[in-house]
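This report concerns only the one structure given below.
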Amino acid sequence: MDQDETPYLDALVDLAEREVGRFHIPGHKGGRGADARWRKAVGDLALALDFPAGTEDLDIGPDPLNTPFQQAQRLAAEAWGARRSWFLVNGASGGNHAICMALAHLGEVAIVQRNVHSSVIDGLVLSGLKPRFVAPAVDDDLGIANCMTVEALERALDEDPLPVAVFVVSPTYFGAVADVAALAEAAHARNVPLVVDESWGAHLAFSDELPANALACGADVVLNSVHKLGGSLTQSAILHLGTERIDGRIVDRSVTLVETTSPSALLTASLDAARRHNVVDGHELLSETIASLKGLRRAVVAIDGLDVLDEEIAEAPSVFAWDPLRLSVDVRGTGATGNEIARHLRLQHDIWLELYAENVIVAVFGIGEEVAETGKRLIGGLRDAVEQLSRPVHGERAPFAPPPPWGPTVMTPRAAFLGDQEVVPFSESTGRIAAESLAAYPPGVPNVLPGERLSDETIDFIEDSLAHGGQVRGASDRTLRTVRVVVEE
Ligand SMILES: Cc1ncc(COP(=O)(O)O)c(C=O)c1O
């Protein structure tokens, strides 16, 4: 296939330029009926591209399997190395919901890495799947949760020999890449499919300077949140099927079930374009980004009190390789917190970060970013922040980014989410079974799941995170003064 082509994008632009008579939704009619400020903000062409689903010559036509939409999905499958791919317009979150719905066709129990994204837990609620959680290995030096080891997977498979699938996340938020080939081999030896949430690794397929992508390592189902580092618009993602271990028709009906009936043409076109950009230009652009990031890391380490996560992360037993496209800065040596440094960068330098917490700040870099330029600005800001905020460091070093203390699972997420429940003060919820997820964001790994018993440590962890400006996803009371818990007999 010609990866330089963008069939969906071209068909969409062609329709917009033809100025067709629009007697269909959306009601702004290609921008004519849109608010003037909105038109000015996004531009007339963006609004003219806003065509609905079910448009002839775009996603329907005499040969439904050969519309520009289907061609674009096939190009994506080829680019990432999949048998079949689905464009998603509700992010990788929608992909995780669809995966769980698909797996629930196959049985009841799934082996799930405990530090998966909260959307996997939501998928367990929707599908009713029973998770058997496997804790990720935790790096003793840094205190961060990494990947699932093959040994841990084999132990789980011994205890539960017939799960519907094994669900892992790789790369993790901090760039730890799992030994996907070995995990796939262990799962496949028992005829169990391996699902990899590779939301943070859409770019891995496009550079041989990076760890191999999960599909190349034999994973059966892979999810890429292309908007994260792959260059498409926010909310767009791709779900891939790599093998025949799971029936594509089941995945297809599950994607349809969770998807809007009005997918945005702009999001879809951005996926088509991002695929072309990654295949055609990715190799060169990623090579430049990776080289510049090496220099940037050296510049960060040269600032007193700062350190960075780098390829040393791959020395941990559960980590096979490292993805360098994020800059995770360890601020413990400055005596200031990551929250303070991030605030200073934002207020004094208008520099906005991906993540900040007590001991760490994270900046991410996308394909084609002029790191030499953007990096200079970041280094200037960091030097100033450290100069202004540093204070003497006393006592023992706290762990870098400790994983939340996870409580025991006593009910399935679905039974807890839908069962009899009541609202109690959060600070008095110790010992109760949570009826909702609580995930400090970012990175969105749930600290508490529906069905897990709350402990003092978990409550302290979340309260501390909120006190330092964190947000919690999943709680019905966003302030978390109260929490929904299960009523026990
Ligand atoms: C590992 C992982 N999976 C899934 C998601 C959800 O992605 P999206 O925001 O595209 O819905 C995230 C988002 O942070 C994530 O980190």
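Here are a few things to note about the model shown:
- Total residues in region 146-164, condition touching a residue at least 40 places away in the same chain (Cβ under 8 Å), more than 16 Å from the ligand (Cβ to nearest atom) and in a loop (DSSP other than H, G, I, E, B): 5
- Test: residue in region 48-61 that is among the β-branched types (Val, Ile, Thr) and either under 30 Å from Val195 (Cα atoms) or at pLDDT below 95 (or both): no
- Candidates Leu271, Leu215, Leu229, Leu223 - the one that is crowded, with 18+ Cβ neighbours inside 10 Å and more than 15 Å from the ligand (Cβ to nearest atom): Leu215
- Scanning region 175-204 for residues being within 11 Å of the ligand (Cβ to nearest atom) and modelled with pLDDT under 95 gives a total of 0.
- Answer residue from region 31-49, given it is touching a helix residue (DSSP H, G or I) at 6+ places or on another chain (Cβ under 6 Å) and of a type outside the set (A, V, I, L, M, F, W, C) and is surrounded by the fewest Cβ atoms within 10 Å (Cβ to Cβ) among those: Asp44
- Residues that are surrounded by 20 or more Cβ atoms within 10 Å (Cβ to Cβ) and closer than 28 Å to Asp330 by Cβ, drawn from region 138-162: Asp139, Leu142, Ile144, Ala145, Asn146, Cys147, Met148, Thr149
- Within region 139-158, the set of residues being at pLDDT below 95 and more than 20 Å from the chain's Cα centre (by Cα) comprises Asp139, Asp140, Asp141, Leu142, Gly143.
- Options Val445, Val362: the member that is in contact (Cβ under 8 Å) with a residue 60 or more places away in the chain, in the same structural domain as Arg481 (by TED's automatic domain parsing) and not acidic (Asp, Glu): Val445
- Exclusive hit being assigned to a loop (DSSP other than H, G, I, E, B) and at negative phi, set Leu47, Leu75, Leu65, Leu58: Leu58
- Criterion: of a type outside the set (D, E, K, R), within 20 Å of the chain's Cα centre (by Cα), surrounded by 14 or more Cβ atoms within 10 Å (Cβ to Cβ) and under 19 Å from Leu124 (Cα atoms) - qualifying residue of Gly451, Gly474: Gly474
- Among the candidates Leu327, Leu293, Leu239, Leu266, residue that is touching a strand residue (DSSP E or B) at 6+ places or on another chain (Cβ under 9 Å), assigned to a helix (DSSP H, G or I) and either more than 25 Å from Gly95 (Cβ to Cβ) or not assigned by TED's automatic domain parsing to the domain that holds Val371 (or both): Leu293
The values are calculated or read from the model by the stated rules, or taken from the named source; none is laboratory data. Being a predicted model, the structure only gives us computed values, none of them experimental. Methodologically, a virtual Cβ is constructed for each residue, glycine included, from the backbone with ideal geometry; neighbour enumeration extends over all protein chains shown.
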